[in-house]
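Heads up, the thing below is written out as structure tokens.
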Amino acid sequence: MYWEAVASYNAAFPDQLMVAQYRFHLNLIQVHMPDKMARNFSDDNALRILLHNRIPLDWVDHAYTYGVVYLEQQFHNPTMSLDIFHEIDDKCHQRLLCYGTPPAIPQWDGWREISKDDHY
């Protein structure tokens, strides 16, 4: 979905193409919304935030595996409506059939222990 959103953005603004951030210090704008508005948060809202923050496409692709595991855990221990999960699952299957499994970033795979340098 993000690949399509970037392509649409670039087509709409050919003089201001989306250039992803790949710097050591990123400039990210956090989203704040009241809890009562969370149910109104849509895919389009998420895509606009990703575009606004110029998140690299490969970062979103890498997050795919995490998202699948998270949804699987939520699906088997639902805290939200199962209808929402079925809708997401259906969209996921359609995209997998169309585009295949997104590639991960090998350097980001695996696990490491948290260190004191991870906190500020």
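Would you check the accessible area of ARG54, probe 1.4 Å, heavy atoms only, in square angstrom rounded to 10?
Accessible area of ARG54: about 90 Å².
Quick one: ranking LEU51, LEU17 by accessible area, 1.4 Å probe, largest first, what do you get?
Final ranking, largest accessible area leading: LEU17, LEU51.
Restricting attention to the range 1-85, which chymotrypsin sites (Phe, Trp or Tyr not before Pro) occupy a DSSP loop and are surrounded by at most 12 other Cβ atoms within 10 Å?
Filter output for the range 1-85: TYR22, PHE24, PHE41.
How much of the accessible area of the chain, probe 1.4 Å, is carbon plus sulfur, in whole percent?
59 percent
Given the whole protein assembly as supplied and a 1.4 Å probe, what does the accessible area of SER115 come to in Å², nearest 10?
Its accessible surface works out to 40 Å², give or take rounding.
Helix-only mean residue ellipticity at 222 nm, the chain, DSSP H runs n ≥ 4 weighted -39,500 (n - 2.57), per residue, nearest 500. What is it?
Only helices count here, giving -15000 deg cm²/dmol.
Can you give the FRET efficiency for ILE88 and ASP117, using 1/(1 + (r/R0)^6), R0 = 30 Å, r = Cβ-Cβ distance, to the nearest 0.05?
Efficiency at R0 = 30 Å is approximately 0.25.
Largest first, what is the accessible-area ranking of THR65, THR101 with a 1.4 Å probe?
THR101, THR65
Could you work out the local net charge near LEU50, counting Lys and Arg as +1, Asp and Glu as -1, over the other residues with Cβ closer than 14 Å to its Cβ?
Working: positive: ARG48, ARG54; negative: GLU4, ASP43, ASP44, ASP58, ASP61.
Computed value for this residue: -3.
The values are calculated or read from the model by the stated rules, or taken from the named source; none is laboratory data. As the structure is a computational prediction, the values presented were derived from the model and not from experiment. Heads up, the Cβs are rebuilt from the backbone with ideal geometry, glycines too, and the neighbour counts pull from every protein chain shown. Please note that ligands, DNA and RNA were not included when accessible areas were found on the heavy atoms of the full protein model with its side chains. Shrake-Rupley method; radii C 1.70, N 1.55, O 1.52, S 1.80 Å.
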